[in-house]
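Working notes, beginning with the structure itself.
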Amino acid sequence: MASQPTLAVVGATGAVGTILCELLTGRRNVWGEIRLVASARSAGQPGFCRGEELTVQALTPEVFDGVDVAIFDVPDAVSAEWAPTAVDRGAIVVDNTAAFRTERDVPLVVPEINPEQVRNRPRGIVANATCTTLAMIVAVAPLHREYGLRELVLSSYQAVSDVGQAGVDTLHRQLVKVVGDRGLGSRPGDVRQAVGDDLGPFPAPLALNVVPWAGVPGEGGWSSEEVTLRNDSRKILDLPDLKVTATCVRVPVVTGHSVAVHAVFGTEVDAEGASEVLRNAPGVILVDEPAAGEFPMPIDAVGTDPSWVGRLRRALDDPRALDFFVTGDNLRKGAALNAAQIAELLASEVTQR
């Protein structure tokens, strides 16, 4: 075995795959060979990683021969089909899809919180949490360790890049259609009329609007994104009975998911003590001077790695509860960075064998 392990990036030409290659260029070099893998229609195209031009390879069983770790950022169905193939060929899979996230024998890992779980992978697969969870959970976890979490009430404000380039393109087209008419938004249905049927992947216009829905319909009126926030939080924190309720909202932001958090703990909390916990927490930056106009916002967090946290205050009617706002780049920590961090943990394990 080579002194440095081999990495495959599956879905290398997508939005997250491209950012992953950018991240690998700037991070500590723990990899020997890196293979960029995508669908057959992208095979042969040039790709760039660590300052090198590489040729994108087609997704075939043979592409995983000699691969130690494979990061998957592809549609769920593709991962469900091909991740077991990669494992059979000897790779450990880091899966950034929903294909295996809820499986009991697949760990859901956030390296700042539960890095030890990478070794608990009987199927050879480690899952990456959803991007909304990742923006929020790195701030919640250190508070849980200090105060003992009992309940979460969450409201998310999710960017359009969450659904890919189609979401970004749709928002920009809609903004072009509404720009210049300063009366829009003041009459019933006027924004709908201006946008027309150009809704893209969304159920309603996003320009000059917010849409209280993200995901696909589930039981009881809950969306898949809302249920995932609950399930991911429980699994990552190892709190199977944690009470979680969420409302997911799509907002006209290109990149950067935000979450308003109401967290109830087992003991009394105060804002000053919680601020100190967050100030020392890995992967968190505290931005909390509202009087000076300093609070976490997507326009500041975009392109950065940490979760930005602020508006921290003890609840008005419960001394055991905190309210705060958190935002983070959904394509970086929300997807590419967390996958890279997991892969680096695995690289260290492979090298020590």
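The values are calculated or read from the model by the stated rules, or taken from the named source; none is laboratory data. Here the structure is a predicted model, which means the values were calculated and not measured. For neighbour counting, all protein chains shown are included, and Cβ atoms are generated from backbone atoms with ideal geometry for every residue, glycine included.
Filter the strands (runs of 3 or more DSSP E) completely within the range 51-155 down to those with at least 1 residues that are closer than 24 Å to ASP329 by Cβ and of a type in the set (Val, Ile, Thr).
Correct list: 69-72, 92-95, 125-127.
Which fully enclosed strands (runs of 3 or more DSSP E) of the range 6-50 have 2 or more residues being touching a strand residue (DSSP E or B) at 6+ places or on another chain (Cβ under 8 Å) and of a type in the set (A, V, I, L, M)? Before the answer, list the steps.
Working: elements: 7-10, 34-38, 46-49.
Once the strands (runs of 3 or more DSSP E) in the range 6-50 are filtered for at least 2 residues that are touching a strand residue (DSSP E or B) at 6+ places or on another chain (Cβ under 8 Å) and of a type in the set (A, V, I, L, M), what remains is 7-10, 34-38.
With LEU286, LEU331 as the choices, which residue is touching a residue at least 24 places away in the same chain (Cβ under 8 Å), among the aliphatic types (A, V, I, L, M) and in contact with a Lys or Arg (Cβ under 8 Å, 6 or more places away or on another chain)? Give the steps one after another, and end with the answer.
Numbers: LEU331 fails: in contact with a Lys or Arg (Cβ under 8 Å, 6 or more places away or on another chain).
After ruling out the rest, the residue left standing is LEU286.
Tell me which residues, restricted to the range 326-353, are closer than 17 Å to VAL153 by Cα and either surrounded by fewer than 22 Cβ atoms within 10 Å (Cβ to Cβ) or out of contact with any strand residue (DSSP E or B) (no Cβ under 7 Å at 6 or more places or on another chain) (or both). Step through it out loud before you land on a result.
Of the residues in the range 326-353, the ones closer than 17 Å to VAL153 by Cα are 326-327.
Matches in the range 326-353: none.
Out of (1) out of contact with any Phe, Trp or Tyr (no Cβ under 7 Å at 6 or more places or on another chain); (2) farther than 19 Å from SER307 by Cβ; (3) surrounded by 14 or more Cβ atoms within 10 Å (Cβ to Cβ); (4) of a type in the set (D, E, K, R), the odd one out for ASP197 is which?
It fails just one condition, (3).
What are the pairs, 6+ residues apart or on separate chains, where a residue within the range 69-86 that is within 21 Å of THR6 (Cβ to Cβ) has its Cβ under 7 Å from a residue that is acidic (Asp, Glu)?
PHE72/ASP95; SER79/ASP95; ALA83/ASP95
Mind checking which residues of the range 236-291 are at positive phi and crowded, with 20+ Cβ neighbours inside 10 Å? Walk me through how you get there before you give the answer.
Step one: of the range 236-291, the residues at positive phi are 238, 256, 283.
Across the range 236-291, the qualifying residues are GLY256, GLY283.
Yes or no: ALA40 within 23 Å of the chain's Cα centre (by Cα) and not acidic (Asp, Glu)?
Details: within 23 Å of the chain's Cα centre (by Cα): no; not acidic (Asp, Glu): yes.
So ALA40 does not fit the description; no.
Quick check on ASP323: is it of a type in the set (D, E, K, R), crowded, with 19+ Cβ neighbours inside 10 Å and in contact (Cβ under 8 Å) with a residue 24 or more places away in the chain? Lay out the reasoning, then the answer.
Details: of a type in the set (D, E, K, R): yes; crowded, with 19+ Cβ neighbours inside 10 Å: no; in contact (Cβ under 8 Å) with a residue 24 or more places away in the chain: yes.
It is false that ASP323 is of a type in the set (D, E, K, R), crowded, with 19+ Cβ neighbours inside 10 Å and in contact (Cβ under 8 Å) with a residue 24 or more places away in the chain.
Can we say GLN158 is among the polar types (S, T, N, Q) and under 19 Å from VAL261 (Cα atoms)?
On the way: among the polar types (S, T, N, Q): yes; under 19 Å from VAL261 (Cα atoms): yes.
Against the criterion (among the polar types (S, T, N, Q) and under 19 Å from VAL261 (Cα atoms)), GLN158 qualifies.
Of all strands (runs of 3 or more DSSP E) completely enclosed by the range 213-319, which ones contain at least 3 residues that are under 22 Å from the mean Cα position of the chain (by Cα), closer than 21 Å to PRO111 by Cα and modelled with pLDDT of 95 or more? If you could, list the steps in order and put the result at the bottom.
Numbers: elements: 243-250, 257-265, 284-286, 307-314.
Filter on the range 213-319 gives 257-265, 284-286, 307-314.
Quick check, is LEU208 within 23 Å of ARG104 (Cβ to Cβ) and touching a residue at least 40 places away in the same chain (Cβ under 8 Å)? Quick ask: steps written out before the conclusion?
Values: within 23 Å of ARG104 (Cβ to Cβ): no; touching a residue at least 40 places away in the same chain (Cβ under 8 Å): yes.
Spelling it out, it is not the case that LEU208 is within 23 Å of ARG104 (Cβ to Cβ) and touching a residue at least 40 places away in the same chain (Cβ under 8 Å).
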